[in-house]
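Reading through the structure tokens given below for one structure.
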Amino acid sequence: MAEITPVRKKRVVVVGGGVAGSLLCKTLLNDKHLDFTLIDSKEYFEVSWANLRSMVEPSFAKRTVINHHEYLPGASIITCDAIGIEENHVSTLEGRLIEFDYLVIATGHIASGYVTKAEKLRQYEAENEKIKSSESILIVGGGPSGVELAGEIAVDFPTKKVKLVHRGSRLLEFIGEVAGKKALDWLTARNVEVILGQSIDFSSSSDGVYQTSNGEEIMADCLFKCTSIPIGSSWLQETFLKDSMDDFGRLKVDETLRVKDFENVFAIGDITDIPELKQGYLAQRHALLVAKNLKLLSNGCDESALVKYVPASPMAIVSLGRREALIQIWCVTLVGRIPGMLKSKDLFVGKTRKQLGLKA
Ligand SMILES: Cc1cc2nc3c(=O)[nH]c(=O)nc-3n(C[C@H](O)[C@H](O)[C@H](O)COP(=O)(O)OP(=O)(O)OC[C@H]3O[C@@H](n4cnc5c(N)ncnc54)[C@H](O)[C@@H]3O)c2cc1C
């Protein structure tokens, strides 16, 4: 009788366990033809847009910080920074070499430095103590993080004096001018003082006195830095993908979400150069599409069968405390309770947990 040689499963290495990487891994779990290894700098996935709520309500983080093993039982997970790629393996900081047939890069932004879930939960407790024990709070950065944090504090702690300093000429520069103006009006109406066109010189600030670029002094009991987090692409700079990045360090992808000119390397989420807003719900779309394409390829399907990605039209929601929010869809911008009903109560946490097969 002829012996049947078992077909080896194709090995997928996913680097980055954020919004995109976590959903991709969940979708590939128990696949008949694919085995994956997730490499992430930290041992948990975090619903990143919920972290401002966790600063005013630390118990909220118990649902938003999820150990990778909780939603990927039995999976191969390596908690370590990836530091390079050579031919068909990824190298990690602790010296391991992980072989792949397909590689998916999902390192949207560098990690916060808190490796364990317990450390991350303690960070929220500490930040909450800082807020509670301060009368005056300085927030630096007027992008979505700074605006959402100012909104959370203004609603939960209305007697605190909050100042927000932003180097740009308007808030929320990633979306339209009207949105920036509406966010400014909303914050100002809740006694948040917004200072535009100035930055904070951290080197010359001490003992609760902060120097602005205009030479003004701001006194504050505590400070929160909400400036943008760098893209997680520096580890690629010495690899064969170094010429596949644009000027912002984003990977250039084709419509199948493979890095241009590479047949077996995909990129998903904020690290891609797809011409659309960098949003988590889009990172999740990329993940689902790449899961399909990996399954097609591992089933021996023809290149022409691969699914193609169409960039999304612009839509973003910025929460403003627990009930209100600001939404921009195309060129329509609304602020108040109606957009708030979409995001601000649960911040899509229940929905995200369900996508990972967990209780909402
Ligand atoms: C305040 C705020 C509010 C937002 N609100 C929304 C919203 O309402 N809806 C929405 O859809 N989007 C929202 N976003 C955007 C959303 O958070 C991002 O688009 C999303 O997190 C991108 O997902 P990602 O998987 O590409 O990257 P990330 O979620 O940043 O994940 C990257 C992962 O890569 C890992 N990593 C990085 N470098 C390495 C390395 N060298 N080795 C190993 N691992 C590495 C990190 O640990 C991390 O786990 C918001 C963002 C902010 C800041």
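The values are calculated or read from the model by the stated rules, or taken from the named source; none is laboratory data. The structure presented is a predicted model; accordingly, all values stated were derived computationally and were not measured. Quick reminder, even Gly has a Cβ in these numbers, built from the backbone with ideal geometry, and neighbours come from all protein chains shown.
Remarks
- Any hit, segment 123-141, residues being farther than 15 Å from Asp221 by Cβ and either free of Cβ contacts under 8 Å to residues at least 24 places away in the same chain or among the aromatic types (Phe, Trp, Tyr) (or both): yes
- Qualifying residue in segment 59-75 (condition: assigned to a strand (DSSP E or B), hydroxyl-bearing (Ser, Thr, Tyr) and more than 12 Å from the ligand (Cβ to nearest atom)): no
- Every condition in (1) away from the ligand (no atom under 16 Å from the Cβ); (2) among the aliphatic types (A, V, I, L, M); (3) in contact (Cβ under 8 Å) with a residue 60 or more places away in the chain holds for Val259 except the one numbered (1).
- Per-region count, segment 212-254, residues assigned to a loop (DSSP other than H, G, I, E, B), within 13 Å of the ligand (Cβ to nearest atom) and of a type outside the set (A, V, I, L, M, F, W, C): 10
Here's the yes/no breakdown for (1) over 18 Å from the mean Cα position of the chain (by Cα); (2) among the hydrophobic types (A, V, I, L, M, F, W, C):
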site: Ile274; (1), (2): no, yes
site: Gln279; (1), (2): no, no
site: Leu282; (1), (2): no, yes
site: Asn293; (1), (2): yes, no
site: Leu297; (1), (2): yes, yes
site: Glu303; (1), (2): yes, no
site: Lys308; (1), (2): yes, no
site: Pro311; (1), (2): yes, no
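- Selected residue (only one of Asp35, Asp31, Asp40 is within 14 Å of the ligand (Cβ to nearest atom) and acidic (Asp, Glu)): Asp40
- Filtered residue count, segment 15-35, keeping only those that are closer than 21 Å to Lys354 by Cβ and crowded, with 24+ Cβ neighbours inside 10 Å: 10
- Lys295 meets the conditions (1) in a loop (DSSP other than H, G, I, E, B); (2) away from the ligand (no atom under 15 Å from the Cβ) in every case but one. The failed one is (1).
- Residues satisfying the stated conditions in segment 315-347, i.e. under 20 Å from the mean Cα position of the chain (by Cα), part of a loop (DSSP other than H, G, I, E, B) and surrounded by fewer than 21 Cβ atoms within 10 Å (Cβ to Cβ): Lys345, Asp346
- For Leu171, the conditions (1) closer than 24 Å to Glu127 by Cβ; (2) at pLDDT 95 or above; (3) outside any loop (DSSP other than H, G, I, E, B) are fulfilled apart from (3).
- All positions within segment 76-106 that are touching a residue at least 60 places away in the same chain (Cβ under 8 Å), within 11 Å of the ligand (Cβ to nearest atom) and over 12 Å from Val13 (Cβ atoms): Asp81, Ile83, Gly84
- Failed criterion for Thr116 (all others in (1) of a type in the set (Ser, Thr, Tyr); (2) within 13 Å of the ligand (Cβ to nearest atom); (3) surrounded by 15 or more Cβ atoms within 10 Å (Cβ to Cβ) hold): (3)
- When restricted to residues that are not polar (S, T, N, Q) and not in a helix (DSSP H, G or I), segment 174-211 contains 17.
- A residue that is part of a helix (DSSP H, G or I), within 21 Å of Gly146 (Cα to Cα) and more than 9 Å from the ligand (Cβ to nearest atom) cannot be found anywhere in segment 43-50.
- So Ala150, is it modelled with pLDDT of 95 or more and buried (at least 17 other Cβ atoms within 10 Å of the Cβ): yes
- Residue satisfying all of: in segment 1-29; over 21 Å from the mean Cα position of the chain (by Cα) and of a type in the set (D, E, K, R); modelled with the lowest pLDDT among these: Glu3
- The set of residues in segment 309-333 that are aromatic (Phe, Trp, Tyr) and modelled with pLDDT under 95 contains only Trp330.
- Residues within segment 282-324 that are in contact (Cβ under 8 Å) with a residue 60 or more places away in the chain and not charged (D, E, K, R), tallied: 17
- Arg11 vs. criteria in contact with a helix residue (DSSP H, G or I) (Cβ under 8 Å, 6 or more places away or on another chain), of a type in the set (D, E, K, R) and in contact (Cβ under 8 Å) with a residue 40 or more places away in the chain: no
- Scope segment 262-314; condition on the phi > 0 side of the Ramachandran plot and buried (at least 16 other Cβ atoms within 10 Å of the Cβ); matching residues: Gly269
- If only residues of segment 119-164 that are within 18 Å of the chain's Cα centre (by Cα) and outside any helix (DSSP H, G or I) are counted, the one that is farthest from the ligand (Cβ to nearest atom) is Gly142.
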